[in-house]
There are 2 protein chains.
Amino acid sequence: MTQTDFIGRLQANVGADIVLRAADANLDRHSRDFLNVMRDDVAILGVAYPRTAEQVSAILVACQADEVPVVPQGGLTSMVGGPVPTRSSLVLSLDRMRAIEEIDEAAGTMTVQAGCILEMVQRSADEAGFFFPLDLGGRGSAQVGGLISTNAGGNRVLRYGMMRESVLGIEAVLPDGTIIHSLNKMLKNNAGYDLKQLFIGAEGTLGVITRAVLRLYPKPLSTNTALLAVADYTRLLALLQRTKTAFGGELGAFEAMWPDMYRLGTVALDRQPPIAIGHGLYILIETLGTDPERSPVQFEEVLGSMIEDGLAEDIVIAASERQRQDMWAIRDCPGEFSKMFWPQRSYDISLPTGAIGDFVTRCTAALRERWPGIGTAFWGHIADSNLHLSLNLPDPDGAALDKAVYEFTGAYGGSISAEHGIGSMKRAYLHYSRTPEEIATMRLLKHAFDPKGIMNPDKVI
Amino acid sequence: MTQTDFIGRLQANVGADIVLRAADANLDRHSRDFLNVMRDDVAILGVAYPRTAEQVSAILVACQADEVPVVPQGGLTSMVGGPVPTRSSLVLSLDRMRAIEEIDEAAGTMTVQAGCILEMVQRSADEAGFFFPLDLGGRGSAQVGGLISTNAGGNRVLRYGMMRESVLGIEAVLPDGTIIHSLNKMLKNNAGYDLKQLFIGAEGTLGVITRAVLRLYPKPLSTNTALLAVADYTRLLALLQRTKTAFGGELGAFEAMWPDMYRLGTVALDRQPPIAIGHGLYILIETLGTDPERSPVQFEEVLGSMIEDGLAEDIVIAASERQRQDMWAIRDCPGEFSKMFWPQRSYDISLPTGAIGDFVTRCTAALRERWPGIGTAFWGHIADSNLHLSLNLPDPDGAALDKAVYEFTGAYGGSISAEHGIGSMKRAYLHYSRTPEEIATMRLLKHAFDPKGIMNPDKVI
């Protein structure tokens, strides 16, 4: 039985409009994510665009019977190769499952199909008078199924948690075709194992998510943003504690930028720095308040006291939405500085918050010793324990750089993936953050759900 | 090989000070939880009091080899029989693993052994300048391991989430003795499957939790509490939306009390009701604010507008800590009204928030039709979708009452357990809230981790 037969039989089974032969599909779209391209020696056998969980089930049953690998794909914004096939596979695209099915105002929930795009979720929530907080650069392409499968993070985790905290229910299809219909709308539900937790962050290796119930929040009524400069990481930590206490559940962002990155995001991009170059660390703070009159006043008072008490060296509070966006543009500059910082390798790691300052110092020193002239840029969602770094080196040995960074991360008790996942790119380094027992238990779980190993093989473990 | 031999060999293996024969143990303590007593035909073979994960591992290896059931026990505050043996078993008590091992101020974490008591966690957090938010009536006995194993809830879920959201890392021992050491301190960690999620809410059926990293919060600086009366559930829902928008991340509690319960908590207990009897519904609202000056003013303004706009019929704001405690005493009256409401059966369910009003009306009518003269009391953490009810009937047929309530709950798309778990008591009713596919997948998971079925058998599934 040839693989061509498989696609033909699958077409006969679920419809030729649902399953496309490779020759008829847009293979360019389906063979790459944001950073990674499919290897030349790998073939996409066909692309399925199911419209229902039942069709996903039929497809997985067929794949399992013939042991054909299946690679689920959402918006393909992954940076670690999660949705890129590494073997000849059927691609299962969620592109045709984009519907927003229901907004339950009393429950504060939105039920969507897994292919629904993040920006659409945000807009629909807004139009219904609600707020969907998860936000990241790929919002115009990233799909709910992928965001759940990678437990996505972004800029508001401090206040609202990661994607895991915004998912109340899911519908998922197991490799054997079983449809798990768990579209729970309740904040509290302890009726047996919480099965949705298994699929959140599993990167499509245990099954395919087809629908989800998302949690909506009230709209914040007062957004207050400031840029601060501090002398060193010790003062940053003190300022973080003060900020958390002073703003509590209103603290929306606490983003640190080291001088190397701040310079790239301002003068290197011909932008006037809101606070001068030369400080030890820069911090972007944002609160999401509820009182349009009082929240800004309290914001100014609290930040003012940071200067008075010598914690901060300089502060600029955004006086307009334009100024706010300019501040965020500095924070978001890694999307822009590639041109002057190329070739580049980027990292997404997490470390116990107290250890991050020391990590940056020592990691920089170690990298410079081994690769003199290496360019570094450090920044991160520090309050979430999340550090990003970009390295710039002419003709870099990617594997050696990766190993150096992840080994260092492991030595600090950190994680080689904070919010990007493992995909295929970080798989070889998982042991720096997980014990052999943890990895063996992940394999146990994988084998229990996917004994034939058809679901997104070569990813995660 | 007799069972007596098993205990003797286990003593030889891990120590006679660690494993007690049944005759030497306090069997009264280990044979009951808050509501349930072990059946007469069941025997406790022995009680193990390990001090380390390694000892837990040795005990589980021995139990698996001889297929001896193990029942893990924490503070025994369960209300559903979770820690009560249903077969002749070894009891594994965490009573000797009570240490608080570390508070990491920069990370905002506390690392504890699983037997650590909730009240001790709260107190130690407070002494270190932090706040551990999870709180419930059993705080003086409930242990961290049990709170995690049942994904405990309580009064502050609206603001801080359930126990799942307060657990960053765990150490757990699998039935085969494998120690999973995942004492993560980071808010973000997506390095492979998040194994801790498996053990949270699994009620000790997949392994034994031995340590945990808990998330600490800054102390709230302004607690504001009020009691409100509204005409009906529609107005309660409108008031809930207003409250969520106005207080955002500071809203700590939104507790509804139906007239039957409010009467029991006030006049029936010889307490002066802060708001007169006769309204449609009573609501206790509490905010956990950050600004000791502004938060109370905003609280009064927002609640004042509820009266002006006709949403609330009456409001009393607590003017002192004493008045606040009096209001909470009404909310907490189910701990007191047993004497005049006996025999009693109590329920912990959840429903989509919008459906709760209708559920109460129809459920009351259905119960009264079948059992004329039945007494009812409804209350709950409504914003969390959590409804509690107590039923009072002379000479009640417990199984018939349970079936009626859970069947009704299932028909509304609700959960038969919001925050108490399934244990042994609700096991027969799981199908009202979970599909056959969900239950089959739970069994798949159970079998993968515990193929011989030694871990807390007859619980959950």
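Observations on the structure shown:
- Residue in the range A:317-341 that is nearest to the other protein chains (Cβ to nearest Cβ), counting only those that are among the hydrophobic types (A, V, I, L, M, F, W, C) and more than 23 Å from the chain's Cα centre (by Cα): A:I317
- Scanning the range B:227-282 for residues that are open to solvent by 10 Å² or more (accessible area, probe 1.4 Å), in a loop (DSSP other than H, G, I, E, B) and not small (G, A, S) yields a count of 9.
- Some residue of the range B:401-423 being more than 8 Å from every other protein chain (Cβ to nearest Cβ), in a loop (DSSP other than H, G, I, E, B) and either touching a strand residue (DSSP E or B) at 6+ places or on another chain (Cβ under 7 Å) or open to solvent by 30 Å² or more (accessible area, probe 1.4 Å) (or both): yes
- Test result for B:R164, modelled with pLDDT of 95 or more and of a type in the set (K, R): yes
- Residue check for B:N190: out of contact with any Phe, Trp or Tyr (no Cβ under 9 Å at 6 or more places or on another chain) and either at pLDDT below 95 or more than 7 Å from every other protein chain (Cβ to nearest Cβ) (or both): no
- Test: residue in the range A:256-267 that is within 9 Å of chain B (Cβ to nearest Cβ) and over 20 Å from B:A106 (Cβ atoms): no
- Any hit, the range A:67-74, residues being closer than 30 Å to A:H181 by Cβ, in contact (Cβ under 8 Å) with a residue 24 or more places away in the chain and out of contact with any Ser or Thr (no Cβ under 9 Å at 6 or more places or on another chain): yes
- Within the range B:424-461, the residues that satisfy the criterion of being open to solvent by 50 Å² or more (accessible area, probe 1.4 Å) and either of a type in the set (D, E) or closer than 19 Å to B:L198 by Cβ (or both) are B:E437, B:A440, B:R443, B:L444, B:H447, B:P451, B:K452.
- Residues in the range A:134-151 that are in contact (Cβ under 8 Å) with a residue 60 or more places away in the chain and either more than 9 Å from chain B (Cβ to nearest Cβ) or closer than 20 Å to A:L60 by Cα (or both): 11 in all.
- Selected residue (criterion: nearest to the other protein chains (Cβ to nearest Cβ)) from residues of the range B:214-225 that are hydrophobic (A, V, I, L, M, F, W, C) and surrounded by 22 or more Cβ atoms within 10 Å (Cβ to Cβ): B:L216
- Some residue of the range B:326-349 being open to solvent by 70 Å² or more (accessible area, probe 1.4 Å) and either farther than 18 Å from B:M261 by Cβ or assigned to a strand (DSSP E or B) (or both): no
- Listed by first and then second residue, the pairs linking a residue in the range B:1-22 that is closer than 18 Å to B:V42 by Cα to a residue that is among the basic types (K, R) and modelled with pLDDT of 95 or more, with Cβ atoms under 9 Å apart and 6 or more places separating them unless they lie on different chains, are B:T4/B:R21; B:I7/B:R21.
- Helices (runs of 4 or more DSSP H) enclosed by the range A:139-194 - at least 3 residues per element that are more than 30 Å from B:N155 (Cβ to Cβ): A:144-149
- Checked across the range B:172-186, the condition of being open to solvent by less than 20 Å² (accessible area, probe 1.4 Å), away from chain A (no Cβ under 12 Å) and of a type outside the set (V, I, T) holds for no residue.
- One residue alone among A:A226, A:A212 is closer than 26 Å to A:A125 by Cα and in contact (Cβ under 8 Å) with a residue 24 or more places away in the chain, and that residue is A:A212.
- B:V80 vs. criteria touching a Gly at 6+ places or on another chain (Cβ under 8 Å) and open to solvent by less than 40 Å² (accessible area, probe 1.4 Å): yes
- Selection within the range B:112-133 - within 14 Å of another protein chain (Cβ to nearest Cβ), of a type outside the set (D, E) and either open to solvent by 10 Å² or more (accessible area, probe 1.4 Å) or assigned to a helix (DSSP H, G or I) (or both): B:A125, B:A128, B:G129, B:F130, B:F131
- Qualifying residues in the range A:99-108 (those that are touching a residue at least 40 places away in the same chain (Cβ under 8 Å) and surrounded by fewer than 18 Cβ atoms within 10 Å (Cβ to Cβ)) - the one farthest from A:V144 (Cα to Cα): A:D104
- Residue match in the range A:306-322 (condition: surrounded by fewer than 18 Cβ atoms within 10 Å (Cβ to Cβ), touching a residue at least 12 places away in the same chain (Cβ under 8 Å) and either out of contact with any His (no Cβ under 6 Å at 6 or more places or on another chain) or not in a strand (DSSP E or B) (or both)): yes
- Considering B:A58, B:A23, the condition of being among the aliphatic types (A, V, I, L, M), more than 17 Å from B:G177 (Cβ to Cβ) and part of a helix (DSSP H, G or I) is satisfied by B:A23 alone.
- The single condition among (1) of a type outside the set (F, W, Y); (2) within 25 Å of the chain's Cα centre (by Cα); (3) within 16 Å of A:I7 (Cα to Cα) that A:A62 does not meet is (2).
- Among the candidates A:R164, A:R96, A:R139, residue that is in contact with a Leu (Cβ under 7 Å, 6 or more places away or on another chain), closer than 20 Å to A:I209 by Cα and surrounded by fewer than 21 Cβ atoms within 10 Å (Cβ to Cβ): A:R139
- Filter result for B:L228 (farther than 30 Å from B:H388 by Cβ, more than 8 Å from chain A (Cβ to nearest Cβ) and modelled with pLDDT of 95 or more): no
- Some residue of the range B:274-287 being out of contact with any Pro (no Cβ under 6 Å at 6 or more places or on another chain) and more than 24 Å from B:T376 (Cα to Cα): yes
- Residues in the range A:424-446 that are in a helix (DSSP H, G or I) and either at the interface with chain B (Cβ under 7 Å from one of its Cβ atoms) or closer than 14 Å to B:T178 by Cα (or both): A:L430, A:P436, A:E437, A:E438, A:I439, A:A440, A:T441, A:M442, A:R443, A:L444, A:L445.
- Test: B:Y160 is closer than 19 Å to B:I103 by Cβ and aromatic (F, W, Y): yes
- Residue within the range B:200-212 that is more than 8 Å from every other protein chain (Cβ to nearest Cβ), in a loop (DSSP other than H, G, I, E, B) and among the charged types (D, E, K, R) present: yes
- Among all positions in the range B:376-393, there is no residue which is of a type in the set (D, E, K, R) and open to solvent by 20 Å² or more (accessible area, probe 1.4 Å).
The values are calculated or read from the model by the stated rules, or taken from the named source; none is laboratory data. This one's a predicted model, so the numbers in the text were calculated from it and none came from an experiment. Every residue, glycine among them, receives a Cβ derived from its backbone with ideal geometry; neighbour counts consider all protein chains shown. Areas reflect the complete protein model, heavy atoms only, side chains present, ligands, DNA and RNA absent. Shrake-Rupley method; radii C 1.70, N 1.55, O 1.52, S 1.80 Å.
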